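Trainee: To start, I am sharing the structure in question, which I have written as structure tokens.
The values are calculated or read from the model by the stated rules, or taken from the named source; none is laboratory data. Owing to the predicted nature of the structure, the values given are computational and were not obtained by experimental measurement. For neighbour counting, all protein chains shown are included, and Cβ atoms are generated from backbone atoms with ideal geometry for every residue, glycine included. With ligands, DNA and RNA removed, areas are computed over all heavy atoms of the protein, side chains included. Shrake-Rupley method; radii C 1.70, N 1.55, O 1.52, S 1.80 Å.
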Amino acid sequence: MTGLITNLIFAEIGEGRELLRRAATADLVLVVGDGVEALVRASRYRELGVEVQVYPLSPRDSPTLFSILGLVGWLREQAVSATVVVEGYGGEKLVEAAYMVVSGYNLSELPVQLIARLQSPLHLRTLVVLDALARSGVNLAAEAKRHINAAFTGGDAYRASLVEHAADIVVQKARLGLGEELACLARVYRAAMSGQPVTGSGECSLVARLAERLDVEGVGAVKTVSIARSGNEVKAYVGCKLLLHDNSCMPELEAAEPLLRELVERWGLELKGVELVDPEEAACIAYEGLAGYTCG
């Protein structure tokens with residue numbers, strides 16, 4: 001396990017003297033938040049002569065895989081020679097937990113109080129993806145360094161979504177008691193990085209093609225997918241960011257449903273339907289209770 005860097009400090013926003021104390025000790029401050037208050041907070045640090053960056057993380061959304069990896073890589077790099085404070089309005093909990101996973105901690109090893117204070121089931125889902133990648137054999141520390149340039153830009157969101165959707169499927173297959181296919185996730189990740197497809201006619205190729213269909217329009221409308229089981233029947237829930245728009249995620253659903261049905265049949269189960277829901281609801285269906293997390 002990689003040791004945690006001692007001069008990398010995570011904290012909630014502190015007012016008044018707390019801001020002054022942090023300004024006096026920090027070489028660099030990262031403010032995590034997507035509202036005007038985050039920009040105002042950053043301005044106050046700049047007025048005090050402190051270098052500051054803002055990471056615009058929404059409490060009801062999650063960053064791309066490459067963004068969170070790159071952010072951790074950036075923090076680790078900055079903290080080699082500087083005291084870095086990461087503070088926010090709740091989103092810093094995801095950054096701290098992601099940093100720990102990249103540093104070698106399993107999801108089950110993270111402090112319960114840290115997991116409990118995540119702002120959204122989508123934040124938990126980000127940790128699930130990171131944890132699954134690490135367990136599949138992907139070197140997260142190396143990948144975090146590789147994706148530093150994507151920290152504040154998001155990087156290639158389409159390739160990131162392919163890996164994230166594949167991770168959803170692989171992890172949930174295991175949670176349904178149907179076995180774990182972590183080697184498949186590593187294959188999907190390597191394919192996404194190289195820009196090459198996962199070849200073959202086996203289940204992993206099917207998982208990869210399904211992940212592509214979930215973003216068939218290339219706009220990232222589908223955030224996540226969950227699979228709920230009742231006996232030999234399953235129902236899929238597609239977390240759609242455009243749920244209230246005219247077409248919502250119907251193109252993705254129509255493209256993905258045949259492959260999803262084929263995959264479920266490979267598992268010896270029957271797909272009884274696919275429903276569009278809010279992304280947070282889909283993530284909650286998939287992962288509530290994991291690592292002690294409870295949907296609020």
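Trainee: Find the relative contact order for the stretch 8-150 and round it to a whole percent, using C-alpha pairs within less than 8 Å whose residues are 6+ positions apart.
Mentor: Relative contact order comes out at 32 percent.
Trainee: Let me ask something else. Hey, what did the chain get for relative contact order, percent, Cα under 8 Å, at least 6 apart?
Mentor: Reported relative contact order: 17 percent.
Trainee: Compute the Cα gyration tensor for the stretch 1-109, then decide on rounded, prolate or oblate, letting a ≥ b ≥ c be the square roots of its eigenvalues: rounded whenever a/c is under 1.5, prolate when a/b is larger than b/c in the other cases, and oblate in all that remain.
Mentor: Cα axes put the stretch 1-109 in the oblate bin.
Trainee: In whole Hz, what ³J(HN,Hα) sequence does the stretch 115-127 give by Karplus (6.51, -1.76, 1.60; θ = phi - 60°), x for Gly and Pro?
Mentor: Karplus-based 3J(HN,Hα) across the stretch 115-127 equals 4, 4, 9, 4, 6, 8, x, 5, 5, 4, 4, 4, 5 Hz.
Trainee: Over the stretch 157-286, what is the percentage of antiparallel beta bridges among all DSSP beta bridges, to the nearest 5?
Mentor: Here the antiparallel bridges make up roughly 55 percent for the stretch 157-286.
Trainee: Right, something else. Residue 241: which lysines have alpha carbons under 17 Å from its alpha carbon, excluding same-chain residues fewer than 8 sequence positions away?
Mentor: By straight Cα distance, residue 241 reaches 223.
Trainee: In what sequence, highest mean first, do 273-283, 100-110 appear when ranked by Cβ atoms within 10 angstrom?
Mentor: Per-residue mean Cβ counts within 10 Å order the peptides as 273-283, 100-110.
Trainee: From the backbone phi of the stretch 213-226, what are the Karplus-calculated ³J(HN,Hα) couplings (6.51 cos²θ - 1.76 cosθ + 1.60, θ = phi - 60°) in whole Hz, Gly and Pro given as x?
Mentor: Per residue, the Karplus-derived 3J(HN,Hα) values read 5, 5, 10, 4, 7, x, 10, x, 5, 8, 8, 7, 9, 10 Hz.
Trainee: Can you work out the accessible area per residue across the chain, with the rest of the protein chains kept in place, probe 1.4 Å, in square angstrom?
Mentor: Spelled out: the 1.4 Å probe surface of the chain, per residue, equals 43 Å².
Trainee: Size of the chain along its principal axes in angstrom, Cα-based, largest extent first?
Mentor: 61, 39, 33
Trainee: Next question, about the same structure. Roughly what angle does helix 36-47 make with the longest principal axis of the chain, taking Cα atoms, 0 to 90 degrees, to the nearest 10?
Mentor: Here the helix axis deviates by roughly 30 degrees.
Trainee: A follow-up question, please. Using the basic label-point model (7 angstrom from Cα toward the beta carbon), what is the residue 135 to residue 24 distance in nanometres?
Mentor: 4.6
Trainee: Using label points projected 7 Å from each Cα along Cα→Cβ, tell me how many nm separate residue 183 and residue 81, to one decimal.
Mentor: Distance between the two pseudo-spin positions: 4.4 nm.
Trainee: By how many nm would the segment from residue 47 to residue 176 grow when fully extended, if each residue of separation counts as 0.36 nm and the alpha-carbon distance is taken off?
Mentor: Taking residue 47 through residue 176 to full extension adds about 41.2 nm, to one decimal.
Trainee: On to the next question. If you plug each phi of the stretch 240-250 into the Karplus form 6.51 cos²θ - 1.76 cosθ + 1.60 with θ = phi - 60°, what whole-Hz ³J(HN,Hα) values come out, in order, with x for Gly and Pro?
Mentor: Whole-Hz 3J(HN,Hα) from phi for the stretch 240-250: 10, 6, 10, 4, 8, 7, 4, 8, 5, 10, 4.
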